Amino acid sequence: MSADKLAAPLDRSIVLVGLMGAGKSAIGRRLAARLGLKFVDADTEIEKAAGCSIADIFEIHGEPAFREGERRVVARLLKEPPHVLATGGGAFMDAETRERIRERGISVWLRADLELLLSRVSRRDDRPLLKDGDKRTILSELIAQRHPVYAKADIVVDSEDVPHDRMVDKIIAAVNDFLRDQPPLARGSTA
Ligand code: S3P
């Protein structure tokens with residue numbers, strides 16, 4: 001099933017979650033363009049706020065400081081008018097961030113299998129969590145830890161090795177199904 005645009009105006013942001021390499025930024029950018037919405041990449045905003053790269057934040061200040069900054073930045077972005085927000089892979093693991101996203105966003109988990117993630121992360125070498133060790137082993141462990149939590153997202157879309165526009169079609173169709181089933185103000189309260 002596919003769709004060109006949303007069936008109803010959005011009253012909150014579409015928040016992409018999932019592991020490194022799932023395509024959150026690349027697909028999010030195209031999704032936003034298709035919907036005529038702004039695209040925001042949380043990692044880029046964290047770098048702007050910190051005045052240095054994510055690799056440097058991890059290196060100089062440590063992961064807990066990065067997570068704290070990530071929590072603050074995502075909370076701030078969620079207060080902005082509806083847009084497409086790509087989050088870093090760890091953001092949705094934080095209970096407070098999940099709750100903020102539940103209140104102010106529609107979460108979409110881009111679920112990808114190990115082989116697809118590996119092929120994508122191999123193109124870049126600037127991700128702190130993947131630099132010290134075997135990428136396959138690290139990603140397998142992250143899949144085991146994180147997939148059960150990502151599964152709490154409002155919507156799950158399987159990320160496939162297809163043109164990004166095809167993924168955008170799938171996401172729009174899934175968001176339309178979700179909006180049809182759960183109109184604004186009628187959403188449950190479980191995190
Ligand atoms: C992280 C994912 C990265 C970035 C940081 C930590 C994670 O973002 O936020 O390196 O914990 O999975 P991407 O998922 O956009 O690569």
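The values are calculated or read from the model by the stated rules, or taken from the named source; none is laboratory data. The structure presented is a predicted model; accordingly, all values stated were derived computationally and were not measured. Heads up, the Cβs are rebuilt from the backbone with ideal geometry, glycines too, and the neighbour counts pull from every protein chain shown. Only protein heavy atoms, including side chains, enter the accessible area calculation; ligands, DNA and RNA are left aside. Shrake-Rupley method; radii C 1.70, N 1.55, O 1.52, S 1.80 Å.
May I ask for the angle, rounded to the nearest 10°, between helix 95-104 and the longest principal axis of the chain, with both axes built from Cα atoms and the value confined to 0 to 90°? Long axis of 95-104 versus the principal axis of the chain: about 30 degrees.
Here the dipole of region 132-186 is about 140 debye; that uses its Cα centre as origin and unit charges on the Cβ of Lys and Arg (positive) and Asp and Glu (negative).
Loop-located trypsin sites (Lys or Arg not before Pro) in region 1-92 (DSSP state not H, G, I, E or B) with no more than 14 neighbouring Cβ atoms inside 10 Å: Lys5, Lys38, Lys79.
Result for the chain in a Gaussian network model with C-alpha springs under 10 Å: among Glu47, Glu68, Glu96, the largest mean-square fluctuation is at Glu68.
The angle between the Cα long axis of helix 24-35 and the main principal axis of the chain comes to about 30°, on a 0 to 90 degree scale.
From largest to smallest, the equivalent ellipsoid semi-axes obtained for region 65-166 from the alpha-carbon gyration tensor read 24, 17, 13 Å. For the chain, the dipole from Cβ point charges (+1 on Lys and Arg, -1 on Asp and Glu) about the Cα centre works out to 480 debye, to the nearest 20.
The string of couplings for region 14-22 from the Karplus curve (6.51, -1.76, 1.60, θ = phi - 60°) is 8, 10, 8, 10, x, 6, 3, x, 6 Hz, one whole number per residue in order, with x for Gly and Pro. From the P(r) of region 86-137, could you give the percentage of C-alpha pairs in the tail past 16 Å? Here the long-distance tail beyond 16 Å is 53 percent of all Cα pairs in region 86-137. With the helix formula -39500 (n - 2.57) applied to DSSP H stretches of n ≥ 4, the chain reaches a computed 222 nm mean residue ellipticity of -14500 deg cm²/dmol. When a 1.4 Å probe is rolled over the protein heavy atoms, the share of accessible surface on region 59-191 that falls to carbon and sulfur comes to 49 percent.
The slack between Asp177 and Asp113, meaning 0.36 nm per residue of separation minus the straight C-alpha distance, is 20.7 nm.
Length gained on full extension, Asp134 to Arg71, computed as 0.36 nm times the residue gap minus the Cα-Cα distance: 19.9 nm. Taking 0.36 nm per residue of separation and subtracting the current Cα-Cα distance, fully stretching the chain between Glu59 and Glu80 would add 4.6 nm. Reported to two decimal places, what Rg/Rh ratio describes region 1-152 when computed on Cα atoms with Rh from the Kirkwood expression? The Rg/Rh ratio comes out at 0.95. Share of Cα-Cα pairs in region 113-187 beyond 15 Å, in percent? Above the 15 Å cut-off, region 113-187 has 67 percent of its Cα pairs.
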